[in-house]
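In what follows, a structure is listed as structure tokens, so that the remarks can point back to it.
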Amino acid sequence: MDAQALESFREFVSGRSSALLRTAVLLTGGDRHAAEDLLQNALVKAAGRWQRIDEPEAYVRQILYRQQVSRWRLKWRRREVTVAEPPEAGHAPDASGAAELRLVLRTVLSRLTARQRTVLVLRYFEDLPEADVARILGCSVGTVRSTTHRSLSRLRELAPELAELDSRRQQPSRDFSPVEVRP
């Protein structure tokens, strides 16, 4: 890799690694260490082909997705138990509802299979259409649809409080009084 390509790669890593890490964390079910490994491996693979890559972010994301698929296709799995990280110190406005939602989602996502988690991340976090998810995962659109349906059903089963949190978010404020319109 020449000096110009090396500088371009460094700029990409410094500018986009946090967004890519968030995706990797979701793909690994909240396991930050596994996510860092996943991202690091993807960046190493991208560095080897850097001068031939037209769209670096799309290329690295594709590597992330495929590596995650390879991880859950393996016969062995690590049997580690992940624990919640201690909250960071700081004084911010009360965001307990958002924090509660994040904790519930992290817990529930970690209880889904890797395939279910991957499909949900691609469909709802990355906002990809079913056809793109199918192409990335190497399966049919029907498989993506059925996996999405089963994954969402499992989420609802594992965390019925998500519906409660969502309904609280969507309720109109009590200060609002509808205005009666008369012709």
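Under 7 Å between Cβ atoms, at least 6 apart or on separate chains: pull out the pairs that start in the stretch 19-42 with a residue that is under 20 Å from Leu103 (Cα atoms) and end on any residue that is surrounded by fewer than 18 Cβ atoms within 10 Å (Cβ to Cβ) and of a type in the set (Gly, Ala, Ser).
Pairs that qualify, where the first residue is under 20 Å from Leu103 (Cα atoms) and the partner is surrounded by fewer than 18 Cβ atoms within 10 Å (Cβ to Cβ) and of a type in the set (Gly, Ala, Ser), are Gly29/Ser110; Gly30/Ser110.
Which members of the stretch 43-75 meet the condition of being free of Cβ contacts under 8 Å to residues at least 40 places away in the same chain and of a type in the set (Phe, Trp, Tyr)?
Answer for the stretch 43-75, where residues must be free of Cβ contacts under 8 Å to residues at least 40 places away in the same chain and of a type in the set (Phe, Trp, Tyr): just Tyr59.
Can we say Ala99 is at pLDDT 75 or above, among the small types (Gly, Ala, Ser) and either over 29 Å from Ala58 (Cβ atoms) or touching an Asp or Glu at 6+ places or on another chain (Cβ under 6 Å) (or both)?
yes
State whether the residues of the stretch 52-61 include one that is within 21 Å of Arg111 (Cβ to Cβ), at pLDDT 90 or above and in a helix (DSSP H, G or I).
no
If you take the residues in the stretch 112-122 that are part of a helix (DSSP H, G or I) and out of contact with any Gly (no Cβ under 8 Å at 6 or more places or on another chain), which one is surrounded by the fewest Cβ atoms within 10 Å (Cβ to Cβ)?
Filtering the stretch 112-122 for residues that are part of a helix (DSSP H, G or I) and out of contact with any Gly (no Cβ under 8 Å at 6 or more places or on another chain), the one surrounded by the fewest Cβ atoms within 10 Å (Cβ to Cβ) comes out as Arg115.
If I filter the stretch 1-18 down to residues being small (Gly, Ala, Ser) and free of Cβ contacts under 8 Å to residues at least 12 places away in the same chain, which single residue comes out as farthest from Thr118 (Cα to Cα)?
Once the filter is applied, the top-ranked residue is Ala3.
With the checklist (1) in a helix (DSSP H, G or I); (2) at pLDDT below 90 in hand, flag the one item Ala42 doesn't pass.
Of the numbered conditions (1) in a helix (DSSP H, G or I); (2) at pLDDT below 90, the odd one out for Ala42 is (2).
Of all residues in the stretch 22-49, count the ones that are on the phi < 0 side of the Ramachandran plot and open to solvent by less than 20 Å² (accessible area, probe 1.4 Å).
Qualifying residue count for the region: 10.
So Asp31 clears everything in (1) under 19 Å from Leu109 (Cβ atoms); (2) touching a helix residue (DSSP H, G or I) at 6+ places or on another chain (Cβ under 6 Å); (3) at pLDDT below 90 except one condition, right? Which one?
The number of the failed condition is (2).
Which of the residues that make up the stretch 143-156 are open to solvent by 70 Å² or more (accessible area, probe 1.4 Å) and at pLDDT below 90?
Matches in the stretch 143-156: Arg156 only.
The values are calculated or read from the model by the stated rules, or taken from the named source; none is laboratory data. Every value quoted in this text rests on a predicted model; they were computed, and no experiment measured them. All Cβ positions, even for glycine, are placed from backbone atoms using ideal geometry, and neighbour counts span all protein chains on display. To get the accessible areas, we keep the full protein, side chains included, count just its heavy atoms, and leave off ligands, DNA and RNA. Shrake-Rupley method; radii C 1.70, N 1.55, O 1.52, S 1.80 Å.
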